[in-house]
1. Considering each of Tyr226, Tyr233, Tyr205, Tyr201 in turn, give the residue that is more than 24 Å from Arg102 (Cα to Cα), in a helix (DSSP H, G or I) and aromatic (Phe, Trp, Tyr).
2. For the stretch 1-30, give me the residue count where each residue is surrounded by fewer than 18 Cβ atoms within 10 Å (Cβ to Cβ) and either at positive phi or more than 10 Å from ligand 3 (Cβ to nearest atom) (or both).
3. Can you tell me which residue within the stretch 8-22, out of those that are under 14 Å from the mean Cα position of the chain (by Cα) and within 13 Å of Phe60 (Cβ to Cβ), is farthest from ligand 1 (Cβ to nearest atom)?
4. Going by the conditions given, is Arg45 among the charged types (D, E, K, R), away from ligand 1 (no atom under 13 Å from the Cβ), touching a Pro at 6+ places or on another chain (Cβ under 7 Å) and within 30 Å of Gln230 (Cα to Cα)?
5. Going by what's in this entry, would Ser112 be described as closer than 24 Å to Leu171 by Cα, within 18 Å of the chain's Cα centre (by Cα) and either modelled with pLDDT of 95 or more or away from ligand 2 (no atom under 14 Å from the Cβ) (or both)?
6. Can you name every residue in the stretch 52-63 that is buried (at least 17 other Cβ atoms within 10 Å of the Cβ) and assigned to a helix (DSSP H, G or I)?
7. So which pairs qualify, if the first residue must be in the stretch 59-70 and modelled with pLDDT under 95, the second must be of a type in the set (A, V, I, L, M), the Cβ gap must be under 9 Å, and the two must be at least 6 apart or on different chains?
8. Could you list, in sequence order, the residues of the stretch 49-75 that are among the aliphatic types (A, V, I, L, M), within 16 Å of Gly19 (Cα to Cα) and out of contact with any strand residue (DSSP E or B) (no Cβ under 8 Å at 6 or more places or on another chain)?
Amino acid sequence: MASPVKIPRHIAIIMDGNGRWARERGFSRIRGHEQGAESVRAVLRACGEVGVEFLTLYAFSTENWKRPKAEIVALMKLLERFLKKETPELMEQNVKLQAIGRLTDLPPACQSELHRSIEKTSSNTGVTLILALSYSARMEIIDGVKSLLDAVERGHIDKAMIDVEMFSKHLYTRYYPDPDLLIRTSGEMRISNFLLWQLSYTEMYVTPKMWPEFRKEDLLDAINEYSKRQRRYGGL
Ligand code: IPE
Ligand code: IPE
Ligand code: MG
């Protein structure tokens with residue numbers, strides 16, 4: 001008899017390939033991002049169905065600010081619209097929304113929609129959806145170091161007390177367990193400054209599928225593959 005599928009508690013996704021998906025079809029890159037939002041809906045729903053507790057989505061990196069202004073504006077508008085339109089759906093699905101990154105870099109309208117949605121969904125007990133926005137793992141680590149130094153200076157902690165667990169508590173992700181499974185779409189074999197600290201022992205799954213065409217079956221394929229992995233954490 002096949003062993004039961006192990007469901008990862010926390011899945012993190014680098015949602016990549018929106019631009020290439022659009023180009024292959026002669027569409028604008030923006031259309032690729034819009035279609036990518038459909039994948040977010042599908043994957044979030046599927047996570048709720050199979051019992052994933054945390055879903056972290058890499059939606060916009062600090063480096064993505066280097067893109068042409070028109071694309072950035074369109075992405076921010078899309079985010080704002082998504083939050084406005086999707087919040088009732090998040091309530092319906094009992095999803096708790098959270099965000100990590102330098103959120104104050106976002107346009108004010110996005111920030112207020114984001115905070116409104118986070119506030120509104122704060123008592124929900126289903127999937128925790130964590131959006132990484134203007135996120136950089138290196139920045140997060142630097143912010144963590146500054147926060148620790150601050151605590152030392154104020155005399156709240158002693159330098160000798162700093163260990164892995166304490167440092168984790170000074171990161172943006174302090175409320176969440178480390179991801180069990182990292183998915184990257186569009187075939188790229190890199191981390192692109194995502195959760196560098198937290199991914200230390202995460203299982204990685206790369207699919208050639210572009211993000212706009214990633215659906216529930218693709219998520220289940222990834223979970224199935226994860227289920228077969230043997231996690232050793234350096235032991236035997
Ligand atoms: C991912 O798709 C979305 C963001 C990074 C915002 P891309 O926009 O990177 O699409 P490609 O990689 O150019 O195909
Ligand atoms: C990673 O995708 C960032 C997000 C998915 C938000 P990129 O398209 O920005 O990454 P690179 O440039 O291919 O490394
Ligand atoms: Mg890309």
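The values are calculated or read from the model by the stated rules, or taken from the named source; none is laboratory data. Since this is a predicted model, take the numbers as computed values, not measurements. Glycine also receives a Cβ, built like all others from the backbone with ideal geometry; neighbour counts cover every protein chain displayed.
1. Working: Tyr233 fails: in a helix (DSSP H, G or I); Tyr205 fails: in a helix (DSSP H, G or I); Tyr201 fails: in a helix (DSSP H, G or I).
Just one listed residue meets the conditions, Tyr226.
2. Initial filter on the stretch 1-30 (surrounded by fewer than 18 Cβ atoms within 10 Å (Cβ to Cβ)): 1-7, 9, 20, 23-28.
Applying the additional criterion that residues be either at positive phi or more than 10 Å from ligand 3 (Cβ to nearest atom) (or both) yields 1-7, 9, 23-28.
Selection size over the stretch 1-30: 14.
3. Only one residue tops the list, namely Ile14.
4. no
5. On the way: closer than 24 Å to Leu171 by Cα: yes; within 18 Å of the chain's Cα centre (by Cα): no; either modelled with pLDDT of 95 or more or away from ligand 2 (no atom under 14 Å from the Cβ) (or both): yes.
In short, no.
6. Thr62
7. none
8. The first filter runs over the stretch 49-75 and keeps only residues among the aliphatic types (A, V, I, L, M), leaving 50, 52, 55, 57, 59, 70, 72-75.
Within this subset, residues satisfying the condition of being within 16 Å of Gly19 (Cα to Cα) are 59, 70, 72-75.
Matches in the stretch 49-75: Ala70, Ile72, Val73, Ala74.
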